[in-house]
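Take a look at the structure set out below.
The values are calculated or read from the model by the stated rules, or taken from the named source; none is laboratory data. Just so it is clear, the structure is predicted and the values come from calculations on it, not from any experiment. Note: ideal-geometry Cβ built from the backbone for every residue, glycine included; neighbour counts use all protein chains shown. Remember, those area values only see protein heavy atoms, side chains included, never the ligands or the DNA or RNA. Shrake-Rupley method; radii C 1.70, N 1.55, O 1.52, S 1.80 Å.
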Amino acid sequence: MEIPKTYSPKGIEDKWYKYWLENKFFKSVPDGREPYTIVIPPPNVTGVLHMGHMLNNTIQDVLIRRARMMGKNACWVPGTDHASIATEARVVAMLREKGIKKTDLSREEFLKYAWQWKEKYGGIILEQLKKLGASCDWDRTRFTMDENLSEAVIDVFIDLYNKGLIYRGVRMVNWDPQGLTAVSDEEVIHKEVNSRLYYFKYQIEGAANEWITIATTRPETILGDTAICVHPEDERYRHLKGKKIIVPIVNRSVPVIFDEYIDRNFGTGALKVTPAHDINDYNLGQKHKLEIIDTLTAEGKISPAAGFYVGEDRFVVRKKIAKELEELGRLVKVEEIKNKVGYSERTDAVIEPRLSMQWFVKMDKLSKPALENVLNGQIKLIPDKFVNTYKHWMSTVHDWCISRQLWWGQRIPAWYDEKGNFVVAKTKEEAVEKFKVLSQTGANMPSDLRQDEDVLDTWFSSWLWPISVFDGFKNPGNPDINYYYPTNDLVTAPEILFFWVARMIIAGYEYRGIKPFSTVYLTGIVRDKLGRKMSKSLGNSPDPLELIEKFGADGVRVGMLLASPAGNDLPFDESLCEQGRNFSNKIWNAFRLIKGWSVDPASVQPEACRTAVEWFNSRFNEQLGIINEHYSKYRMSEVLMTVYKLIWDDFCSWYLEMVKPEFVEGISRPIDKSTFESTVLFFEKILKILHPFMPFITEELWHLIAVRDEKNCIITADWPETTATSSAILADFSLASELVIGIRNSRKEKNISPKEVLELVIKSNTPVVSNSWTDLISKLGNLGKISYSIQKTEKSISFQIRQFECYIPYSVDIDVKAEKDRLEKELAYNKGFLKTVQSKLANERFVSNAKPEILQTERQKQADAEAKIKSIEEQLARI
């Protein structure tokens, strides 16, 4: 068949993805093979593919495709997260465009719109992942609000409540005034911002000219002050014991309290205490039994309890109060400072500490197995630098606020009577029965019950993901959960290590008694050339689908992983994708070269070709061992780079040049059958190790290189097995390649045409390479002859390879000054190199701890450098 001159990814990618789906190569059902399972971190239904998804899912696909080739039953479960806050915000915005307010709808009417929105937009990101080549078992696609998954969430809530691990109470929570819901500590992003620290004078009650100065960044909360607190050992304020202070504007008389919590060196050492609007103030208020005045509404406006500025926005009032107190002569000074302010991860609104009735999970005992089993290595974090971070967070974990003031999500299964008494039950009918038990006789039964209005935190559903996707709650002994759980690897971002990963581990031990996965691979953050995180808001994130259109999915996959070590940020540039595309073209052209050869079945394999085949076979197996080792340590970028160099350098630049037939009068000679078959076999092997990274081009070439039946696809081909390598032939090549490079560099330096046949003289009384390598060096260096001599060759170009002086006889006059400059530079480099090696060998600690083979290598480097220096000095002396 006609092979296209250039590789065109678009048609090929669509063709093969469709073919894989039709032949159910992604599908997995329990059988006798070893399972290999990954559950996808479910992207939000509001999401579209971004660069973080590209990185994360490329890594997952690489792991899944390799496991499939290794004969394992590879199962990659896809799905999406209902994302309560983000989705509800989208639906509210959609309704606003239609002129509909959420407040004008019943819960049922709103949820009908929400489900319509989800059905229309919720699957977009999964369809986009198919363009990337994601080999998920799409028949297993799950959604966190699927009926079975939602039922599991409710059952777990009831179970934990019955165990005394869920409780309801008034606590200080992180309140999102835009989303109108509580958010957990982990959903608050702390940003450093420019702020003002205001110093105000508060009058001491009964003393006309006595004042105390306090500092605050939040003047709007003055309206809720109920005490002034100072340190009991602060001499400046001892005289205030038993005194009261007048809060400005509201003229409220509040006590001076003394507590060691106060930092005497911050501000003035005097703190205004506003128990309703700061967690530390709240704790002080509880301790000293202070009045709590909630001066802010849920929307972040001043409440009637404040008495002033009612209904106005908190930030507007901040400025107004500062101005009013300045006019009253109470403003002492203002300092420009930088401080950390909490923002909602979902809406980017400034978080307001707020007292609220919420539901919580007790985390102290529940979280212990999740900490122990990471510290003891049962669950590995890659890279392990995150273990200490994990340990710190899990050792200081707070109770988890799980209620959200939303409609989209799993509704809390709590039922209330008219007096506010409640029971936890799955249905209203069950709740009625529980109230009957509570009332014993059935008398005084509530006439009606109402269900809690709140829904559960999205993470309260996704923490069950590795179990619920296999229906492990409703049907805990089913074949899927018994076969696929625990899963193998989880690939996710470090920023949700506690949001999601830790909680999945907690749920795994609580409900299955075993870890949910063995390894957590934590990706880095994709950043632009300026080091900024890629985001829509900054406008610095390319559209992944446009990148795929431009460079091909394989090119983008390679570009993402060329510079992405685990846990470290990826400095992304489009040139990486271009490099990936160029790699596709390199492989395509190598294939075209091989398929263009004519084969002579009768010809005998030349000795040089036999040597080349033996060398590449050893080189492939050596590198395959390194590749497998990198995989075992989750060094994904190193795997790719090793494969890349093996193909680009060893196979294309060396092996193919060694064995390709010579051109005689513009016509390529036939290649012998044995070398051709070995070359095709090598090409198939490199396609296999490349397939997890570049699935589309490898599948196309797999079918072009040989005639195969419809099920014989590279996606299910066997991963190559390592065989013995010959260290001798690898060493021979190492020297031969250095000689060839020396010849080519000499041609370049002296501007000698590659077509001009040269001679090489090596200063030695015995041959340094075998006859077969002599033939290969002659072919690659375009030499007519290689000879040996113990004499220096006059009128020649000289270069040093290890301990050998090499000469290329050449009659053209040499620029003496240029040659001297070149040799002096080379001498300076080698002296510097020798000094480094000698310093290492003089280090007793290094010598005593290093492996014998490493010491031998360093000593050989020393000997080679000394030989080179001697040779260069002799050459300079002759000049």
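A compact table of results
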{"read-out": "Reach of Lys840 by Cα under 20 Å, taken over aspartates and glutamates that are not fewer than 8 positions away in the same chain", "value": "Glu853, Glu858, Asp864, Glu866"}
{"read-out": "Read-out Cα extents along the principal axes in Å, derived from the coordinates shown; its label in (i) 83, 73, 62; (ii) 95, 74, 48; (iii) 109, 67, 54", "value": "(iii)"}
{"read-out": "Separation of alpha-carbon centers, the stretch 69-96 and the stretch 195-274, rounded to whole Å", "value": "50 Å"}
{"read-out": "Normalised per residue, the volume of the convex hull around the Cα set of the stretch 613-684 (Å³)", "value": "81 Å³"}
{"read-out": "Total charge dipole magnitude, the stretch 623-781, about the Cα centre, Cβ charges on Lys, Arg, Asp, Glu only, Debye to nearest 20", "value": "420 debye"}
{"read-out": "Most to least packed among 33-43, 236-246, 453-463 [average Cβ atoms within 10 Å]", "value": "453-463, 33-43, 236-246"}
{"read-out": "Protein accessible area in the stretch 59-167, 1.4 Å probe - carbon and sulfur %", "value": "50 percent"}
{"read-out": "Rounded, prolate or oblate (a/c below 1.5 giving rounded, otherwise prolate when a/b exceeds b/c) for the stretch 247-349 by Cα gyration tensor", "value": "rounded"}
{"read-out": "Pairwise centroid distance, computed over Cα atoms, of the stretch 381-397 with the stretch 829-865, Å", "value": "38 Å"}
{"read-out": "Between helix 695-705 and the chain: long-axis angle, C-alpha atoms, 0 to 90°, nearest 10", "value": "30 degrees"}
{"read-out": "The stretch 193-302 - charge dipole about Cα centre, Lys and Arg +1 at Cβ, Asp and Glu -1, debye rounded to 20", "value": "240 debye"}
{"read-out": "Overall form of the stretch 1-157 per C-alpha gyration tensor (a/c, 1.5; a/b vs b/c)", "value": "oblate"}
{"read-out": "Gap separating the Cα centres of the stretch 472-518 and the stretch 608-676, nearest whole Å", "value": "42 Å"}
{"read-out": "Cβ-based charge dipole, the stretch 718-845, positive-most Cα from Thr723, Gln800, Ala736", "value": "Gln800"}
{"read-out": "Carbon + sulfur, % of accessible area of the stretch 462-501 - ligands and nucleic acids excluded, 1.4 Å", "value": "54 percent"}
{"read-out": "Straight-distance crosslink candidates among lysines, where the alpha carbon sits under 27 Å from Lys112 and sequence neighbours closer than 8 are dropped", "value": "Lys98, Lys101, Lys102, Lys120, Lys426, Lys428, Lys474"}
{"read-out": "For Asn339, distant residues with modelled amide H under 5 Å away", "value": "Val193, Ser195"}
{"read-out": "Residues whose placed amide H lies under 5 Å from that of Ile671, excluding near-sequence neighbours", "value": "Ser598, Val599, Asp600"}
{"read-out": "The stretch 596-687 - percent of accessible surface contributed by carbon and sulfur, probe 1.4 Å", "value": "52 percent"}
{"read-out": "Protein-only accessible surface order, largest first, of Leu681, Leu704 at 1.4 Å", "value": "Leu681, Leu704"}
{"read-out": "Proximal charge balance of Val847 [Cβ under 12 Å; K/R count +1, D/E count -1]", "value": "+2"}
{"read-out": "List Ile214, Ile626, ordered by accessible area with a 1.4 Å probe, largest first", "value": "Ile626, Ile214"}
{"read-out": "Reachable lysines, given that their alpha-carbon falls under 17 Å from the alpha-carbon of Lys835 and they are not under 8 places away in the same chain", "value": "Lys825, Lys861, Lys868, Lys870"}
{"read-out": "The stretch 700-855, dipole about Cα centre (Lys/Arg Cβ +1, Asp/Glu Cβ -1), debye to the nearest 20", "value": "640 debye"}
{"read-out": "Lysine pairs meeting the criterion (Cα under 30 Å, 8 or more apart or interchain), as found in the stretch 675-780", "value": "11"}
{"read-out": "Computed lengthening from Arg196 to Ser518, 0.36 nm per intervening residue step minus Cα-Cα distance", "value": "111.1 nm"}
{"read-out": "Heavy atoms of Cys401 accessible to a 1.4 Å probe, total area in Å² rounded to 10", "value": "10 Å²"}
{"read-out": "log10 of Debye I(q)/I(0), alpha-carbon scatterers only, for the stretch 146-273 at 0.09, 0.10 Å⁻¹", "value": "-0.46, -0.53"}
{"read-out": "Net charge contributed by nearby residues that have their C-beta within less than 15 Å of Met94 (K/R +1, D/E -1)", "value": "+3"}
{"read-out": "Charge dipole of the stretch 410-493 about the Cα centre (unit charges at C-beta), most positive-ward option of Ser447, Val491, Ser461", "value": "Ser447"}
{"read-out": "Rounded to whole Hz, the Karplus (6.51, -1.76, 1.60) HN-Hα couplings of the stretch 579-596, x for glycine and proline", "value": "4, x, 5, 4, 5, 4, 5, 4, 5, 4, 5, 4, 4, 4, 4, 5, 5, x"}
{"read-out": "Accessible surface, per residue, of the chain when the full set of protein chains is kept, probe 1.4 Å, Å²", "value": "46 Å²"}
{"read-out": "Net charge over other residues, Cβ less than 13 angstrom from the Cβ of Pro369 (K, R count +1; D, E count -1)", "value": "+2"}
